[in-house]
Amino acid sequence: MNRFSVPKPSVLELLKGKKSVLLSGCGGGGDILQTLSLFNLCRSLGIERVVLAELACMWWEFDGQMALGGEAMKLEWVQPNEKVGDCAVLLSEDSKVIGGFGKDHGLHASLIKQILPEIPVALVTIRKGVPGVMQGFRDLIEKFDCELFITCDTGADAFFTGTETQVQSPLCDAMSILAASELEIPGVYGVVGFGGDAELPLPDLMKNMGFVMQKGGFLGAHGLTQEDLALIERVLQYVPYEEVEKWPYEAARGNLGIHYCKRFWSVEITPAAAVTFFFDADTMREVNPLADALRNTETLLEAEEILMRDWNLFSETRLPLVIPAPSAPQVSD
């Protein structure tokens, strides 16, 4: 547990004086893209080493199809790689997907490695459940002497309180919140793209974020800068099919209002989507019950079954990877 002193430090206070920081995409599927603004922030604060990571769960979008679920990837499906223990690998500039459903398709993480070749970029397995996620992060922290862990999410579903029925990717977020709370270094949860995953209506998201704030869990915020937009754009140009991770970028460019996510769900993009809000992971656990529910699970299967049995939720790893769906123009109202 973080057990921050009261008043709790802001994320800027936590970053100051650090030499090595681990930034991770919270839910897989491209959330690593949201670490880029934090990478720039760390660099502006003089932090010597920034390590970027992503949970190895990927949504694959193909022409004429729509992804509902995420594939729990085997780490050996991405080659070449450098093993860091048994639960994490480092990517190279040449890393490509050679196996699984997404064979021959690109990863946000590998694109970032090509753009920032000097930065360590890692994948952490979810196929070994919570123990594997924890071990993967621990091995990266040990290898790079990291002093702070920040997991960054797009959207809303990490603010599940136990009653909402619309969340569709609760598993990886809960694992990431648990890691940020229980790793041996301080951990922070960050959310950007406010409501952009269409998994909670904005009124519910605001109410649930308010619960965390009322408990003293708010650690400050940081808005996307013009430098951030230029860096994020270099990745997005290679993934024109991206329908979730783009919303912070689009919000910062003023493309606000009602848009559509995966052709079925409307999302309301507000200026808040261009801001990363930071929270104490311990406090997130007080509001989102899934992290504690999964804490003592030993396998991915056990974690999936708890979500279904106790919370009436499907894990993203149990939803269809793709369903036939006609492509439609992506035009905002």
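The values are calculated or read from the model by the stated rules, or taken from the named source; none is laboratory data. On a predicted model such as this, the values are computed, not experimentally measured, just so you know. Backbone-built Cβ (ideal geometry, glycine too); neighbour counts: all protein chains shown.
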How many residues are of a type outside the set (Gly, Ala, Ser), assigned to a helix (DSSP H, G or I) and either within 17 Å of the chain's Cα centre (by Cα) or buried (at least 17 other Cβ atoms within 10 Å of the Cβ) (or both) when one looks only at region 287-300? 4
Candidate set from region 103-132 (those that are at pLDDT 95 or above and of a type in the set (Lys, Arg)); member that is surrounded by the fewest Cβ atoms within 10 Å (Cβ to Cβ): Arg127
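Here is a yes/no grid of residues against (1) among the small types (Gly, Ala, Ser); (2) closer than 23 Å to Asp173 by Cβ; (3) surrounded by fewer than 24 Cβ atoms within 10 Å (Cβ to Cβ); (4) modelled with pLDDT of 95 or more:
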site	(1), (2), (3), (4)
Ser5	yes, no, yes, no
Ser20	yes, no, yes, yes
Ser24	yes, yes, no, yes
Gln79	no, no, yes, yes
Phe101	no, yes, yes, no
Of all residues in region 222-244 being among the hydrophobic types (A, V, I, L, M, F, W, C) and surrounded by 16 or more Cβ atoms within 10 Å (Cβ to Cβ), the one that is nearest to Phe159 (Cα to Cα): Val244
Just to be sure before I move on: is Lys215 of a type in the set (Lys, Arg), surrounded by fewer than 15 Cβ atoms within 10 Å (Cβ to Cβ) and either out of contact with any Cys (no Cβ under 6 Å at 6 or more places or on another chain) or without any contact (Cβ under 8 Å) to a residue 40 or more places away in the chain (or both) in the structure I sent? no
Spans of strands (runs of 3 or more DSSP E) in region 54-158 with at least 3 residues more than 30 Å from Gly195 (Cβ to Cβ): 78-84, 88-97
Quick check, is Trp247 surrounded by 19 or more Cβ atoms within 10 Å (Cβ to Cβ), hydrophobic (A, V, I, L, M, F, W, C) and closer than 22 Å to Trp59 by Cα? yes
Regarding region 210-226, can at least one residue be identified that is assigned to a loop (DSSP other than H, G, I, E, B), of a type outside the set (Phe, Trp, Tyr) and under 18 Å from Gly27 (Cα atoms)? no
Return yes when Glu13 is of a type outside the set (Gly, Ala, Ser), at pLDDT 95 or above and under 22 Å from Ala221 (Cβ atoms) and no when it is not. yes
Among what's in region 116-157 and is β-branched (Val, Ile, Thr) and in contact with a Phe, Trp or Tyr (Cβ under 9 Å, 6 or more places away or on another chain), pick the residue that is nearest to Glu48 (Cα to Cα). Ile119
Just checking, does region 120-142 include any residue being in contact with a Pro (Cβ under 9 Å, 6 or more places away or on another chain) and either over 19 Å from Asp292 (Cα atoms) or among the charged types (D, E, K, R) (or both)? yes
Output the residue which, of all residues in region 229-258 that are among the hydroxyl-bearing types (Ser, Thr, Tyr) and not in a helix (DSSP H, G or I), is modelled with the lowest pLDDT. Tyr241
With respect to the numbered conditions (1) touching a residue at least 40 places away in the same chain (Cβ under 8 Å); (2) farther than 12 Å from Gly27 by Cβ; (3) charged (D, E, K, R), which one is the sole condition not fulfilled by Asp157? (2)
Has region 28-46 got any residue that is touching a residue at least 12 places away in the same chain (Cβ under 8 Å) and over 20 Å from the mean Cα position of the chain (by Cα)? yes
Sole miss for Pro271 among (1) over 28 Å from Phe62 (Cα atoms); (2) at pLDDT below 95 is condition (2)
Flag if Val97 is out of contact with any Asp or Glu (no Cβ under 6 Å at 6 or more places or on another chain) and buried (at least 21 other Cβ atoms within 10 Å of the Cβ): no
